Each structure stands twice: as C-alpha cells, then as structure tokens.
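K.L.:
Questions regarding the structure given below will be posed in turn.
The values are calculated or read from the model by the stated rules, or taken from the named source; none is laboratory data. These numbers come from a predicted model, not from an experiment. Cβ: placed from backbone, ideal geometry, glycine included. Neighbour counts: every protein chain shown.
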Amino acid sequence: MKRSLLLLLLTLSFVPRLQAGPVEKTVRIDILGTTSQPTAMEVVEISAGGKTSFAEWAGADRQKVVLAEFPATNHWQQGSITIKPTSTGRIGLALTGPYVPEFEGTKQLRAIFAHFDNFSATAGGNPVSLNNGSFENVGGNGTPQGWMFANTDKSNPPVTEESRAKVINGDAADGDKYVRVWHNSRAWQGISVEAGVPVTITFFYRLERGGQ
C-alpha cells in the first residue's frame, strides 16, 4: 500500500455530496481500495436498512470507494456489510458520520458524532486480522492501536480538541471503550483481502445523544 495513495483516497472521501437533502439519522463507513493498484469492489450484502453507493466524485475510480450508510439511533445496534474485491491487496475502513450542512446551501457542516465498537471481519467464513476492533488498547497520544485518526484539512467548522475523533471510556458495546467520530474527523484501519473472496465487516454503532 502506498501511503500517498492512501492519503489521496482519504482526502477524496471527505468531499461532500453536492446535494444535502433531508437530515438522515445514519452513520457511515467508507470502504477504500488502497492497494498500489486500487481494487474495485462489489457490494454483496448489507444489514437491514443499510444502503450503499459508489463515490461518483472519484470519476473512473468510483467503484474503488464504497460509501455504506446505516440507520442509527442513540442505542447500540449491530451492522454488517459484505464486499467482494476484484484484486488481492488491502482495503481501508474509514469510520465517519453523516454529511449534514449547518444551513442549506452552505459548506459549514454540523458535527454529528457517531460511535463505533466491536469490529470483526471474516473472508470466506474465516477470520481476518483486524487490529483492536473494540478500541481497548490506546497509545500514549490517545490514538487506538491499529487505527489512525484523519481530519479534513479545511474543515468547516475547524476540528478542535473537543470535536476531534477520540476514544471514549464507558457505556461501550464491548469492553470499556469505543471510538467517537464525525464527518470531518475519522478513524481508519486497513485490512488484507483476496481477489474474489467476499469480506464481511461486522460492528456495533450508534449516534451520540443530542446529535440530531
């Protein structure tokens, strides 16, 4: 995986939809093809109520970024998505919240926080290595081991210490900790995949109380 390509795809995944539409109570996971030759993906299945789309803003690479949205409440619930990559390499999971402008026609976003916990992955029914899926192990800088945090460069509003992605203690779906993110401050991890082998990502999620 080339770091420059990863950063490019993460940057592109922050590009907003041109039409905001009605506010939906959702969380989102962007699945990024991040091998040196980015892999296209087929969506095989998504949990009840979920919906997917490809990144139209990526042009010819649109099928190399899957945007998966899951209906959310303020209570933990389980979600899953199964994709099938066209080539062997790695894909990235970018955990984020919904794109919601503060005011219609503006680029200022509302920071709607999404919580994620208890990630696991299988490929062809066999476990896939996904590091620290419950965010229990946290480094000295506050970043969960095996993950990285990514903020949009020109966030509106700016990402602050209070609004940045972070690990939170208490009321987790599994263990003691979970991660909190929003559209402009995300958590990311890459996992290995094989061409033609379906990969299922399972996790728990919710919206922060008072977020919508």
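K.L.:
If E161 passes every condition in (1) under 17 Å from W188 (Cα atoms); (2) more than 14 Å from the chain's Cα centre (by Cα) but one, which one does it miss?
P.N.:
Failed condition: (1).
K.L.:
Exactly one condition in (1) in contact with a strand residue (DSSP E or B) (Cβ under 9 Å, 6 or more places away or on another chain); (2) under 29 Å from G105 (Cβ atoms) is false for A173; which is it?
P.N.:
In the conditions (1) in contact with a strand residue (DSSP E or B) (Cβ under 9 Å, 6 or more places away or on another chain); (2) under 29 Å from G105 (Cβ atoms), A173 misses (2) alone.
K.L.:
Starting from residues that are free of Cβ contacts under 8 Å to residues at least 24 places away in the same chain and farther than 18 Å from Y205 by Cβ, keep the ones in the stretch 144-173 and report whichever is surrounded by the most Cβ atoms within 10 Å (Cβ to Cβ).
P.N.:
R164
K.L.:
Considering N141, N74, which residue is modelled with pLDDT under 95 and not in a strand (DSSP E or B)?
P.N.:
N141
K.L.:
Ok, one more. Can you name the condition, by its number, that G133 falls short on among (1) over 18 Å from I168 (Cβ atoms); (2) within 15 Å of the chain's Cα centre (by Cα); (3) part of a loop (DSSP other than H, G, I, E, B)?
P.N.:
Only one criterion in (1) over 18 Å from I168 (Cβ atoms); (2) within 15 Å of the chain's Cα centre (by Cα); (3) part of a loop (DSSP other than H, G, I, E, B) is unmet by G133, namely (1).
K.L.:
Out of all the residues in the stretch 104-122, which are under 17 Å from K25 (Cα atoms) and without any contact (Cβ under 8 Å) to a residue 24 or more places away in the chain?
P.N.:
R110
K.L.:
From the list R186, R90, which one is of a type in the set (D, E, K, R), surrounded by fewer than 21 Cβ atoms within 10 Å (Cβ to Cβ) and out of contact with any His (no Cβ under 6 Å at 6 or more places or on another chain)? Give the derivation first.
P.N.:
Working: R186 fails: surrounded by fewer than 21 Cβ atoms within 10 Å (Cβ to Cβ).
Going through R186, R90 in turn, the sole match is R90.
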